[in-house]
């Protein structure tokens, strides 16, 4: 075979191989294009694609239109939401309950809610009274009202926060562009509520979430009803009033605008009653701080006190007994040791020391986790609230840490002793002096008040120590650096007869009451019984003034005998 023939054969073979490779590559490309062409040629798929594109465009346009519409509506409507835990909620709801729209409404909620206000009046006395009926917006309904010619809608909602609690809110919408109309409505609602509560003080306490929650209203207590040693009421009231009027003086001198008072002494001597009277005189609300609340720690205490308003009274009652294991600077160091040792103990161990350790640890775990350091930081730390007045009460003055009692935290210490003969005489006059006459302090009591209640509130602990100390020589006032032992008090009397009705009236002249009061004071030992005990005794003889004097000696001996038996 010639060379040209061989060359031609090789060329043909090469071309054949290339043709085969090309023919093998074409089907893959052809198959993909064929698949796409086949899918696009399906009429159903084309319809779905058209629907997807058109639907997406329509939905986008709808959302834009509604967004624009909402913006236009919001430009002409003012919307305000009120949470049920806020004071403004009570203002507006009280205002709505007095609105005449409910005379024509066909659907509403009938409620005896008092909004924290006491509706009992002097005219109702002696009759069976009940809470007034109020008409409120019902839940999940929208109401239309007119306020100063502005169209307004009202809606109440209730949503579940969790399995155990629900959150209620109120929504107001006003067809207006000027927000001043909403401010006018809020001012009117607030003034209406304040006018209704002018004879009351509001009491607040911390809820489980650590926020301040309104509890109730208490009637303002006349200062003349507190029967204390001369000068105590005037000192506390004038000092507190001077503090509230001295903000600029404190600011100019760089002194924190805070004031603290420590009231200590015998149980039932009128400490809490005095605080209530001061709150009423100065028109301040009371915020009760409970240090022993489960879950309370230093952080939550700081946050709680920081969230107080500027003009208020912060009340720490029985501060000496606020901690399950006493007031300490830090949590007990041995708690950690006990916990670590517990893991190493044998489960079958019955060792008495281990049982005691577990018991002590349990007391620590279930009680408050507030330390003294945390309390001190909350009272006068960098984040402490200014403008508030702090009142702390204690029956065990010596149990308090000196750091807690120093100036800047507890600026003024006032001792409340057991009843003196002067106080016993004044209390008797308060009970039996004819209405409309002057009381023992030279100030006039409210009309009708003495016939309803007299003396001090029996709202403090009435337990007394077994030993009675002679407290006449003790100073009533203390600075932060001086201390004395507190006086003791007696338990409330055990009445031998049921108290008679206060509606039946005694007929004694003023001179007769003065003479009987002097006899009663001579019968009562000096600084041996608390004012609460004396009040409890006189409550048995509310309208039997002479019998109260005649039986006083017997009551004194009976109380002394009972005290000896308890010891």
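Each value in this text was obtained by applying a stated rule to the coordinates, not by laboratory testing. Treat the numbers as computed from the prediction; the structure is a model and nothing was measured. Cβ sites come from the backbone with ideal geometry, for glycine too, and all protein chains shown count toward neighbours.
Answer rounded, prolate or oblate for segment 150-267, using the Cα gyration tensor with square roots of eigenvalues a ≥ b ≥ c: rounded when a/c is under 1.5, else prolate when a/b is larger than b/c, else oblate. Prolate, since a/c reaches 1.5 and a/b exceeds b/c. Peptides 144-153, 244-253, 49-58 ranked from most to least packed, by the mean per-residue count of other Cβ atoms within 10 Å: 144-153, 244-253, 49-58.
Each part gets one Cα centre, and for segment 219-286 versus segment 157-210 those centres are 29 Å apart. Prolate is the label for segment 370-424. Its Cα gyration tensor axes, ordered a ≥ b ≥ c, give a/c of at least 1.5 and a/b above b/c. Label reach from residue 108 (point 7 Å along Cα→C-beta): in segment 147-162, amide nitrogens under 16 Å belong to 147, 153-156.
Take 513, 286, 110 and order them by how many other Cβ atoms sit within 10 Å, fewest up front. It would help to have the intermediate numbers written out before the result.
Working: 513 19, 286 22, 110 10.
Listed from fewest to most nearby Cβ atoms, that is 110, 513, 286.
Annotation for residue 151 and residue 183: the two label points, set 7 Å from Cα along the Cα-Cβ direction, are 2.6 nm apart. Computed packing ranks the peptides 539-549, 194-204 as 539-549, 194-204, most packed first, by mean other Cβ atoms within 10 Å. Once the Cα-Cα distance is subtracted from the 0.36 nm per residue extended length, the residue 33 to residue 218 segment shows a gain of 57.9 nm. Once you order the gyration tensor axes a ≥ b ≥ c over the Cα atoms, which shape class does segment 142-184 get: rounded for a/c under 1.5, otherwise prolate or oblate by comparing a/b with b/c? Prolate, since a/c reaches 1.5 and a/b exceeds b/c. Highest-first packing order for the peptide set 418-428, 218-228, 97-107 is 418-428, 218-228, 97-107, based on the mean count of other beta carbon atoms within 10 Å.
Mind giving me the FRET efficiency for residue 165 and residue 553? R0 is 51 Å, r the Cβ-Cβ distance, nearest 0.05 is fine. Efficiency for this residue pair is about 0.35. With the simple spin-label model, which puts each label point 7 Å out from Cα in the Cβ direction, the residue 288 to residue 510 separation comes to 4.0 nm.
The simple spin-label model puts a point 7 Å past each Cα toward its Cβ; for residue 141 and residue 99 those points are separated by 1.3 nm.
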